[in-house]
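Read-outs throughout are calculated quantities, based only on the coordinates presented, and are distinct from any laboratory measurement. Worth saying up front: this structure is predicted, and the values here are computed from it rather than measured. Cβ atoms come from the backbone with ideal geometry, glycine included; neighbour counts cover every protein chain shown.
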Amino acid sequence: MSKTQENLTVAFAGESQANRKYLAFAAKAESEGQAGLAKIFRVAAEGETVHALKHLATMGGVQETLENLKGAIAGETFEIEKMYPGFIAELEVEETAAKISFTNAEKVEEVHQKLFQDVLAKLEAGETVADADYYVCGVCGYPAEGEAPEICPICGAPRSQFKKV
């Protein structure tokens, strides 16, 4: 990998993390009654998204849809089989919150993997992917198609914790 590709990879990761961090900061500011500040964080987050997407495109990180799906499946598989199990195995007993976070994420990655695999199978069979409503659990990230469940099957959060995407 060239130095430029390495730099693009680092920049993409940094911009992506900044986006998520600023969105978290916006939610916190909003919960504290600071709507104007929350909006500024969201504006900055959107700018970071623009940067991240341009870096990703420049480094050739977006392929044809079938290749993108295969890459998404590979990423979810890595998280399920290697990353989260490794993190969980290394946890100290007192780090319960981290263990819950890693365990929930690992379970949700399995759902993402299956979702991507199902879509890939449809596309390879010449079918189209229907537009559907999706809801994401705000506690663990579990995605539900159609409507939010009464209780999240991963973390047990109530329906009120789901956000329509």
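Which ³J(HN,Hα) values, rounded to whole Hz and listed in residue order, are derived for segment 15-20 from phi using the Karplus coefficients 6.51, -1.76 and 1.60 in 6.51 cos²θ - 1.76 cosθ + 1.60 with θ = phi - 60°, glycine and proline given as x?
5, 5, 5, 4, 4, 5
Would you list which aspartates and glutamates come within 14 Å of LYS70, measuring only between C-alpha atoms, while excluding same-chain residues fewer than 8 positions from it?
Once the sequence-local aspartates and glutamates are set aside, what remains near LYS70 is ASP118, GLU124.
Quick one: order VAL165, VAL62 by neighbouring beta-carbon count within 10 Å, fewest to most. Write down the numbers at each step before the final one.
Details: VAL165 8, VAL62 12.
With the fewest neighbours first, VAL165, VAL62 line up as VAL165, VAL62.
Once you order the gyration tensor axes a ≥ b ≥ c over the Cα atoms, which shape class does segment 1-160 get: rounded for a/c under 1.5, otherwise prolate or oblate by comparing a/b with b/c?
On the way: a/c = 1.26, a/b = 1.04, b/c = 1.21.
Since a/c stays below 1.5, the shape of segment 1-160 is classed as rounded.
About its Cα centre, what dipole magnitude does the chain give when the only charges are +1 on Lys and Arg Cβ and -1 on Asp and Glu Cβ, stated in debye to the nearest 20? Don't jump to the answer; show the numbers that get you there.
Values: 16 positive and 26 negative charges, 112 e Å.
Here the size comes out at about 540 debye.
Are there any GluC sites (Glu not before Pro) in segment 122-165 that are in a DSSP loop and have at most 11 other Cβ atoms within 10 Å? List them by number. Mind dumping the intermediate values first?
Working: sites: GLU124, GLU127, GLU145, GLU147, GLU150; in loops: GLU127, GLU147, GLU150.
Those that pass, being in a loop and sparsely packed, are GLU127, GLU150.
Positive end of the charge dipole of the chain (Lys, Arg +1 and Asp, Glu -1 on Cβ, about the Cα centre): tell me which of ALA74, GLY61, GLY146 has its Cα farthest that way.
So the residue we want is GLY61.
Hey, which aspartates and glutamates would be in cross-link range of LYS54, C-alpha to C-alpha under 13 Å, not counting anything within fewer than 8 residues on its own chain?
Reachable aspartates and glutamates: GLU15, GLU46.
Considering only ALA121, ALA13, ALA35, give the residue with the highest GNM mean-square fluctuation for the chain, with springs between Cα atoms whenever their separation is below 10 Å.
Maximum among the listed residues: ALA35.
Between segment 1-61 and segment 76-131, how far is it from one alpha carbon centroid to the other, in angstrom?
23
Which distance in nm do the two modelled labels at GLN117 and THR77 give, with both placed 7 Å along the Cα-to-Cβ direction?
0.9
For the pairs LYS122/LYS164; LYS21/LYS114; LYS39/LYS164; LYS82/LYS114; LYS39/LYS107; LYS82/LYS163, flag any whose C-alpha to C-alpha distance is greater than 22 Å.
On the way: LYS122/LYS164 24 Å; LYS21/LYS114 28 Å; LYS39/LYS164 20 Å; LYS82/LYS114 17 Å; LYS39/LYS107 32 Å; LYS82/LYS163 29 Å.
From the list (LYS122/LYS164; LYS21/LYS114; LYS39/LYS164; LYS82/LYS114; LYS39/LYS107; LYS82/LYS163), the Cα-Cα distance tops 22 Å for LYS122/LYS164; LYS21/LYS114; LYS39/LYS107; LYS82/LYS163.
Let me have the 222 nm mean residue ellipticity of the chain computed from DSSP H runs of 4+ only, each contributing -39500 (n - 2.57), with the sum over all residues rounded to the nearest 500. Could the numbers behind the result be given before it?
On the way: 5 runs with 103 residues, N = 165.
So the calculated ellipticity at 222 nm is -21500 deg cm²/dmol.
For PHE162, which sequence-distant residues (separation of 5 or more, or a different chain) have an amide H within less than 5 Å of its own amide H, given hydrogens modelled in the peptide plane?
GLY138
How high is the relative contact order of segment 64-155, in percent, with contacts defined as C-alpha pairs under 8 Å that are six or more residues apart? List each step's numbers first, then the result.
Details: 84 pairs, mean separation 25.3, N = 92.
With pairs under 8 Å counted, the relative contact order is 27 percent.
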